[in-house]
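Nothing in this text is a laboratory measurement; each read-out follows from the coordinates by a stated rule. Quantities reported herein were computed from a predicted structural model and do not represent experimental measurements. Methodologically, a virtual Cβ is constructed for each residue, glycine included, from the backbone with ideal geometry; neighbour enumeration extends over all protein chains shown.
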Amino acid sequence: MSELVSAGPPLIEIQGVSKRFVKRLDIAGKIARRLGAGLEEETVHAVDGVDLSIDEGDVVGLVGESGCGKSTLGRMVAGIMPPSDGAVLYKGRDIASLSGDDKLEATFAVQMIFQDPFSSLNPRMRVEDIVGEAPVVHGLVPRKGMSDYVDEILTKVGLDPALKRRYPHQFSGGQRQRIGIARALAVKPKFLVCDEAIAALDVSIQAQIINLFMDLREEFDLTYLFISHDLSVVEHISERVVIMYLGRVVETAQAEALFAAPNHPYAQALLSEVPRLDQRKRDFQPIKGEIPSPLDPPPGCHFHPRCPQSFGPCSSARPVLKSIGPDRISACHLND
Amino acid sequence: MSVAEDTLEKTSSQRDGSAVPTLVVENLKTHFFTRAGAVKAVDDVSFSVKAGEILGLAGESGSGKSITGFSVLGLIDPPGRIVSGAIRFNGEDLVTASPERLQDLRGNRIAMIFQDPMMTLNPVLRVDTQMIEAIQAHRKMDRKAARQRAYDALEMVGIPSPGERLNAYPHQLSGGMRQRVAIAIAFLNEPDLIIADEPTTALDVTIQAQILHEAQALCRRTGTAMIWITHDLAVVAGLADRIAVMYAGRIVETGQTDEVIDHPLHPYSVGLLGSVPSANKRGDRLNQIPGMTPSLIGLPSGCAFKARCPRADDHCDATPEVIEEMPGREIRCHHPHRQEAGA
């Protein structure tokens, strides 16, 4: 894998990507402003200047609490949402600047698997059409060959092809998630963005789907961006882990190194609070407070109001991501 | 803080003296009679909880763990009903109790915390109104004293500036804050038993840790018995004194937390624990349980797990009885993982 890396640009590169959502004023608000009320449009910095590069064959875990921008980042990588700033590069080329066949290639290459297997499948389409539609429309498979092709893909994800004439509601949660995976695989992607893909499933089914992801990775040489709030899953499956807090990356490291000794205070807190089977009758020592509103993030380091080690510069200067070891970066003033 | 805490301390010391468990459930069967057939959501379940003890009731969705909790509170609606069995709360049978008596107990002696705090809090009432109502429904107390008690309860669950929160509406609070309010309401009348139905599932890990911390500390301090219903074994591993594992309406294994997690006996518990990522070597395939949880309608006779069980044989066509492996350790299996497996 590492040999492939040196050969060319990374499969996916994210350069200074930001996403802002602006809540526009309604008519009443606009009139009130014209009359002199101090109303401003509210802006949420969902993702704030994130850089990330993912090499072919890599499995990157993206971790953070709800509202930290991890799903928004995933959606921008998958091309569902354009970034406000910065660029997403596929094999060294900006996806936004591509056109024609190049654009199609990049679009097929990156597919997304969603959290909720109930709302991400069209309830009025048969499984056959859900999986087969895209490859037929885009000419990857002739219409006559669709049925066989769907059989093949369904078998790969562990579903009985005899069920392909059924509708999504006739399947269990785990099976639906397999249908979602089959749909993504049907256009022969290189890169899968899994946004909380197993969060809605039962424990025993989660294990089946994680195994499926690992099998598919070997079979199709897939690269993953695995977005999850469940650290134990991320620890298990990822090679590299990115931790986000309130729209910014706070630490990136190899999974083993990170779980052995997290550097950023937020990473430390997050890791220590994951319930584990081998920790019994523990006294939970939680970090204080909650994730602040992204409408009005604290100045300086976003984590400083909750950080047990915050000091002078934390409340004024934004910490930059610095290299603190091989393939490891962290954004904390304590490292200065 | 002082008023509430004093009374809490007193009751807990009183309770510790009694050896009778707070709640005893015996051979409980709760079935739902649907057009497609009887759904045996809870089928012959027995367990008990002592004062100050936390029992983790673990299982996957559809295993009947929530219905067990609802049965205790008398919250089963038609077409469901408790078919047979006994639920004894401080010696009093709740199955035969009148609706008025149950009404009197609920929110007073037995409280429940639900998964979604948005469902349990009334969106159009301020937090203080709801809390005062919960107190005055069960005891004579003037509004001012009740409000003070609500204030103390919010402080107790770690809510910053409780005075402000009392005047807030539920939608003005974050998810974690709402769940704390729900927990504070559960503790308001110093109940003997709290049933918590996946209260942290919808929350982030840092908030989950805070809630677990509060719940654990409160139970230890007040001597309240607690049933913590969850699908996440890692949560109960750190929280519960004892664990009961449910599968398809039956408790398949009960025991002290350490014993169940370290030396599971039932093949389902073994499979469930094996499929947790942290129990496996990083990057390896997980030990998955094949198949999926069976539908509770028309469940085949015998052990419900036999179709997915690696140890199943002809014996498993007969329903396994509860075996007491050792004191406090019960299983329902014909082929448990006994010591010869090296545990």
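Overview of values
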{"item": "Global form of chain B, assessed from the alpha-carbon gyration tensor, a/c cut-off 1.5", "result": "prolate"}
{"item": "Relative contact order (%) - chain A, alpha-carbon pairs under 8 angstrom, separation at least six", "result": "19 percent"}
{"item": "Acute angle (nearest 10 degrees) that the helix A:146-156 long axis makes with the longest principal axis of chain A, alpha-carbon atoms", "result": "60 degrees"}
{"item": "Peptide A:228-238 - average C-beta neighbours from other chains (10 Å radius)", "result": "4"}
{"item": "Student exercise, the range A:94-220 dipole from Lys, Arg, Asp, Glu Cβ charges, in Debye to nearest 20", "result": "460 debye"}
{"item": "The range A:2-245 shape via C-alpha gyration tensor axes, a/c threshold 1.5", "result": "prolate"}
{"item": "Whichever lysines have a C-alpha closer than 22 Å to that of A:K190, once near sequence neighbours (fewer than 8 apart) are set aside", "result": "A:K70, A:K91, A:K103, A:K156"}
{"item": "Angle between chain A longest axis and helix A:173-185 axis [Cα atoms, degrees, rounded to 10]", "result": "80 degrees"}
{"item": "Given 14 as the ceiling on other Cβ atoms within 10 Å, longest exposed-site-free region of chain B for trypsin sites (Lys or Arg not before Pro) in DSSP loops", "result": "B:141-280"}
{"item": "The protein assembly as shown shape via C-alpha gyration tensor axes, a/c threshold 1.5", "result": "oblate"}
{"item": "Test item: Cα-centred dipole of the range A:2-245, Lys/Arg +1 and Asp/Glu -1 on Cβ, debye", "result": "1140 debye"}
{"item": "Lys pairs under 24 Å by Cα in chain B, provided they are eight or more residues apart or on distinct chains", "result": "11"}
{"item": "FRET efficiency for A:F311 and B:H171, using Cβ-Cβ distance with R0 set to 30 Å, rounded to 0.05", "result": "0.25"}
{"item": "Relative contact order %, chain B, counting alpha carbon pairs below 8 Å whose residues are six or more apart", "result": "21 percent"}
